[in-house]
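The values are calculated or read from the model by the stated rules, or taken from the named source; none is laboratory data. Since we're looking at a predicted model, the values are computed, not measured. Positions of Cβ are backbone-derived with ideal geometry, glycine not excepted, and every protein chain shown enters the neighbour counts. Ligands, DNA and RNA are excluded from the accessible area calculation, which covers all protein heavy atoms including side chains. Shrake-Rupley method; radii C 1.70, N 1.55, O 1.52, S 1.80 Å.
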2 protein chains.
Amino acid sequence: MPNSDGFMDAALAEAKDAAARGEVPIGAVLVVDGVIVARSGNRTRAENDVTAHAEIAVIRDAAAALGQERLSGADLYVTLEPCTMCAAAISFARIRRLYYGAEDPKGGAVDNGVRFFAQPTCHHAPEVYSGLGESEAAILLTSFFRSKRES
Amino acid sequence: MPNSDGFMDAALAEAKDAAARGEVPIGAVLVVDGVIVARSGNRTRAENDVTAHAEIAVIRDAAAALGQERLSGADLYVTLEPCTMCAAAISFARIRRLYYGAEDPKGGAVDNGVRFFAQPTCHHAPEVYSGLGESEAAILLTSFFRSKRES
């Protein structure tokens, strides 16, 4: 199984760290040649930036670190199904494989919503693997929003 | 007409500056209470960042300047129909009105492609006005790509 290498565990750890900072608990890591080149949780609150989702954060960080716009050959592990914005960014960055944890029927754009990678206006689609670390990813989100409602 | 205030002209000026820097010539300005609070052309090459489209650049810059994630009440002027990534970012930022120039059948996501603002996974849609400065915006892009092919 793809998670035997621990990359989704690393993404889940980023999601937990995000929760501890009061951010929506979603985490991602970007892997090139078996090595994590960028890792991040959601940073929208800390950075006052609605675009600072975990996926976009790792794409930007990796591109800056590698000095290149496109990340062909890179694999992205993220705890939740990417939204419409992130799915398009993943396509633009030429990510090779996308592994995601839980599905997101309300905001996802891979197997839900606009299913961007299957659209004619999508000019590069990664291979997609889902369900990896799904339960833990979903529990993190459910607990976070429950605690928000109760506080 | 909305362009009588010159905001689309300001976006077109950003698009021209982008072309001069070798970037795809698309420009945007973000307006709050009749004042431009952020202006940018496409910066993807300069920043090695596939997410640095003009729309996302002005949303990030304005949010940083104003110290807030959401830009309710802000109006965005952009020379080309926003792509899937930018349409979703515009929704997340709670932009009030979107004015765009030329349509983009290949990559647009407002009146083409996934038509994001009309989807159930879109939780805020701006008012949309199109065709503003359309000819100039389209000529800028056509000239840019022609010169690229000839060089």
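The angle between the Cα long axis of helix B:54-66 and the longest principal axis of the Cα atoms of chain B comes to about 40 degrees, rounded to the nearest 10.
Any chance you could give the angle, 0 to 90 degrees and rounded to 10, that helix A:134-150 forms with the longest Cα principal axis of chain A? Approximately 40 degrees, to the nearest ten. Taking every alpha-carbon pair within the stretch B:4-142, the share separated by more than 25 Å comes to 16 percent.
Between A:Q68 and A:I139, the contour length at 0.36 nm per residue exceeds the alpha carbon distance by 22.0 nm.
If you take the alpha carbon radius of gyration of the protein assembly as shown and divide it by 2.2 N^0.38 Å, what ratio comes out, to two decimals? Compared with the compact-globule rule of thumb, the protein assembly as shown sits at 0.98.
Each stretch of four or more DSSP H residues adds -39500 (n - 2.57); spread over every residue of chain B, this sum gives -11500 deg cm²/dmol at 222 nm. Estimated at the nearest 10 Å², the accessible area of A:I59 is 0 Å² with a 1.4 Å probe. With each label modelled as a point 7 angstrom along the Cα→C-beta vector, the A:S147-B:D17 pair spans 4.3 nm. Comparing A:S40, A:S130, A:S72 in a Gaussian network model of chain A, where Cα atoms under 10 Å apart are tied by springs, the biggest mean-square fluctuation is seen for A:S72. Label point of B:K106 set 7 angstrom out along Cα-Cβ; within the stretch A:124-141, amide nitrogens under 17 Å from it belong to A:124-125. Here r is the Cβ-Cβ distance between B:D33 and A:A46 and R0 is 30 Å; the resulting FRET efficiency, rounded to 0.05, is 0.65.
Using only Cα atoms, tell me the angle between helix B:7-20 and the longest principal axis of chain B; keep it within 0 to 90° and round to the nearest 10. The two axes meet at around 40 degrees.
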